[in-house]
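A.B. asks: Please see the structure below; I have some questions.
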Amino acid sequence: MTTLMHHIKRNGGYLISLAVMILCLVWIVYFNGDQHYLILSFACLVVSMLPFYWHFKNRQSEAREVVFIAVLVTIGALGRVALAAIPDVKPTSFIVIMAGLVLGPEAGFIVGSTSAIVSNIFLGQGPWTPWQMFAWGMMGVTAGLIRNFKWAHNRYYLAALGVVYGFLFGWIMDLWYALVYVSPLTLKTFIAAYVASFYFDLTHGITTAVLLFLFYESWYRIITRFKYKYGLGDVQDQLDKSDF
């Protein structure tokens, strides 16, 4: 029980953020929230910052941690904008996964959710923005949750995971499209919406897989070097618990 309470206290920030995001998505689907997508998008942006404040409240943090996360968000957003002309080639997913694998689920969530709304400043905001924030945020969270497994740092497994992430991201966006825009919504039309996006999801997945396979090791070393040099993420907690 003590361990459970410790995890809740430690990770409560992004758990609350995810809960609020899910409520915003439900609002868009069932209460005409797509007419107020901008307000809901910024609400998701605000709660995506909650892990930072929660994190700062529970341990001493410095501005350089915020700056480094902001740099990753910028790279993720600009990568998507630069390749926007090529449908569903999203290097953002690679950045989000790397953030989660190296810095943990908290940072992965923030990089993922914030990259979506920042890139949409250039590509266009819409009722899809909160869903993209949620999809990329969850990508970062899950990447952070598996980072302690040895297989999660094998680039062959990561490449396969990249394909899976591409489809999962697409399926979350398909769910939004089907629930909001497909009428009448039947099992047949629901499946048709998913089948229609297969090529785009596959392109997204293959792009992510190739980037992970080719650049995982170099990016892991770079981010890890910054992590230990500046005491980012949970490094300070690890040092506090050590015997040296």
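A.B. asks: Share of the stretch 149-230's accessible area from carbon and sulfur, percent, 1.4 Å?
C.D. replies: Roughly 73 percent of what the probe reaches on the stretch 149-230 is carbon or sulfur.
A.B. asks: Please give the per residue volume of the convex hull enclosing the alpha carbon atoms of the stretch 57-216, rounded to a whole number of Å³.
C.D. replies: On the way: hull volume 20.6 nm³, N = 160.
Per-residue hull volume (Cα only) is 129 Å³.
A.B. asks: In square nanometres, what is the average projected area of the Cα convex hull of the stretch 125-215? Let's see the in-between values first.
C.D. replies: Working: hull surface 26.4 nm².
Averaging across all directions leaves 6.6 nm² for the Cα convex hull.
A.B. asks: Kirkwood Rh, Cα Rg: Rg to Rh for the stretch 141-189?
C.D. replies: In the stretch 141-189, Rg relative to Rh is 1.21.
A.B. asks: Which value, in Å², gives the accessible area per residue of the stretch 100-145 when a 1.4 Å probe is used on the protein heavy atoms? Please report the intermediate quantities before stating the final value.
C.D. replies: Working: 960 Å² over 46 residues.
The answer is 21 Å² per residue.
The values are calculated or read from the model by the stated rules, or taken from the named source; none is laboratory data. Fair warning: this is a prediction, and the values are worked out from it, not measured in the lab. With ligands, DNA and RNA removed, areas are computed over all heavy atoms of the protein, side chains included. Shrake-Rupley method; radii C 1.70, N 1.55, O 1.52, S 1.80 Å.
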